[in-house]
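Down below is the structure, laid out as structure tokens.
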Amino acid sequence: MPHSNEPVSLRRLLLFFIPMGISVLLINLSHIIINGTLARSDNPEIILAGYALAMSLLVVTEKPAVLFRQTCSALVRDRTSFRAVRKVSFYVFGASLAFGTLIAYTPAGHWVFGGAYGADPIVEGEAIRAFYALMFLSVFSGIRCLYQGVIIYKMRTRWLTIAMVFRLLGMFLLSQYFLRVGVDSALHGTVIFVFGMMIEAGLSWWESSKLIKQLPEKDEECEITEPKQVAKFYNPLLYSSLIVVWVLPILNALLGTTDRGTLAVASFAVAGSLMNLVLGFFTYFHQIALLFVKSNPAIVRKFTLMLGFIPPLLLSLMAFTPIGEWMFSHVLGVKDELLTACIHALRGFLPFVLVFPWLDTLNGIVMAHGETKLMFGSQVANAILTALTIVLLVLLLPAWNGVLGSLAQSTGVIAEVLFLAWLFRRSHRTAKLT
């Protein structure tokens with residue numbers, strides 16, 4: 001058991017960590033399948049724009065559901081605690097369905113996509129139609145994450161990769177069917193996405209159900225018995241995530257006011273996609289810390305030191321050698337002045353990638369101590385510093401294009417890790433005094 005006092009080997013941690021990293025990389029393939037399918041329609045520009053618009057709203061609605069992965073792996077130690085977490089999830093899933101229904105079947109969809117986003121009527125219609133299926137995505141994503149939390153706690157992470165492989169296979173087969181009968185709407189893309197998520201959620205439920213039966217009815221060391229105790233852990237994660245999701249729209253809006261607004265937004269977005277690809281495999285440091293820091297702090301420190309410097313090394317190779325130019329030009333199809341702007345923007349992400357593994361590990365330590373309210377404070381600091389930095393940079397250096405966005409995000413994440421470390425040290429210093 002991961003929470004026992006038995007020593008955990010580095011090899012065991014790698015076998016635990018690698019399948020989670022691979023599953024994140026495979027997620028990128030699922031988006032490639034969908035975009036590739038929609039790109040073969042009769043009106044690819046309109047359909048892809050509608051799909052992208054709908055997906056941008058999904059980022060806000062899906063985040064509360066995804067948080068059940070960390071919540072479950074942190075709190076569930078017996079069947080009683082699992083039922084408490086599951087009950088909280090029902091409220092979140094119900095709210096997601098209600099929101100999706102409003103977007104798909106009431107004038108709210110027009111107000112959001114046509115009003116707030118300012119989309120053309122044709123693109124707005126595609127985005128709304130996409131939500132006919134997308135309204136169910138958050139529910140299946142939440143079910144997947146709820147049961148994956150148990151799988152992660154029981155160290156059966158290979159099932160994350162297995163479920164992801166079956167998800168991709170299902171999405172590919174359905175995409176081929178749609179290509180045969182004809183693709184004429186963004187709804188086809190969201191149907192493929194939801195179908196794949198249903199497969200992943202079903203396999204996660206199937207494997208997790210067996211693991212849950214092995215849990216005791218009541219663990220004497222587990223204090224979680226009621227939904228209100230779960231909410232005390234979950235709510236700060238929810239509130240902080242709802243703040244962070246608005247940072248990217250603010251960055252894009254302000255980048256659009258620079259001397260070359262279109263170039264700034266495009267280079268920031270393309271560089272960010274490559275940065276996320278580099279960082280994607282290394283986004284589960286928090287799970288290592290969450291499960292092992294209390295019983296094996298030395299192995300967590302060793303693991304983070306061993307892998308934590310790989311992302312900045314990879315990004316440095318991309319940003320300061322011809323490898324990056326080759327990736328942008330041959331893989332992403334970027335050329336001319338956009339290529340130069342993308343390279344500069346990628347260099348601005350270097351502090352972000354350097355700090356992220358340590359921030360993610362510290363987040364896991366904070367969650368292991370049940371102090372998620374500290375994460376709310378640190379992420380508010382991130383959002384404030386990012387916003388202030390982008391305003392200052394846009395005013396002082398309006399000709400620097402997309403690198404302004406990456407520098408602002410790097411400043412925000414540095415502020416977040418420093419503030420979180422200070423809050424955590426202060427909290428534990430106060431606890432010792434009392």
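The values are calculated or read from the model by the stated rules, or taken from the named source; none is laboratory data. This is a predicted model, so every value here is computed, not measured. Cβ atoms come from the backbone with ideal geometry, glycine included; neighbour counts cover every protein chain shown. Just the protein is used for accessible areas: all its heavy atoms, side chains included, with ligands, DNA and RNA removed. Shrake-Rupley method; radii C 1.70, N 1.55, O 1.52, S 1.80 Å.
Side notes on the structure shown:
- Ala65 vs. criteria within 19 Å of Ala186 (Cα to Cα), out of contact with any Asp or Glu (no Cβ under 6 Å at 6 or more places or on another chain) and either modelled with pLDDT of 90 or more or not in a helix (DSSP H, G or I) (or both): no
- Check on Lys294, over 23 Å from Val331 (Cβ atoms), of a type in the set (Lys, Arg) and in a helix (DSSP H, G or I): no
- Total residues in the stretch 85-140 satisfying the condition of being open to solvent by less than 80 Å² (accessible area, probe 1.4 Å), more than 25 Å from Asn35 (Cα to Cα), of a type in the set (Ser, Thr, Tyr) and assigned to a helix (DSSP H, G or I): the figure is 1.
- Considering each residue of the stretch 303-313 in turn, at least one proves to be open to solvent by 70 Å² or more (accessible area, probe 1.4 Å), farther than 28 Å from Ala74 by Cβ and in a helix (DSSP H, G or I).
- Selection count, the stretch 34-84, where residues are open to solvent by 30 Å² or more (accessible area, probe 1.4 Å), over 21 Å from the mean Cα position of the chain (by Cα) and charged (D, E, K, R): 6
- Test: Val194 is in contact with a Gly (Cβ under 9 Å, 6 or more places away or on another chain) and open to solvent by less than 20 Å² (accessible area, probe 1.4 Å): no
- The sole residue among Ala289, Ala253, Ala271 that is under 30 Å from Val391 (Cβ atoms), in contact with a Gly (Cβ under 8 Å, 6 or more places away or on another chain), hydrophobic (A, V, I, L, M, F, W, C) and part of a helix (DSSP H, G or I) is Ala271.
- Helices (runs of 4 or more DSSP H) wholly inside the stretch 315-395 containing at least 3 residues that are over 30 Å from Lys294 (Cα atoms) and either open to solvent by 10 Å² or more (accessible area, probe 1.4 Å) or at pLDDT 90 or above (or both): 322-326, 336-348
- Some residue of the stretch 247-270 being within 30 Å of Leu359 (Cα to Cα), of a type outside the set (A, V, I, L, M, F, W, C) and surrounded by 18 or more Cβ atoms within 10 Å (Cβ to Cβ): yes
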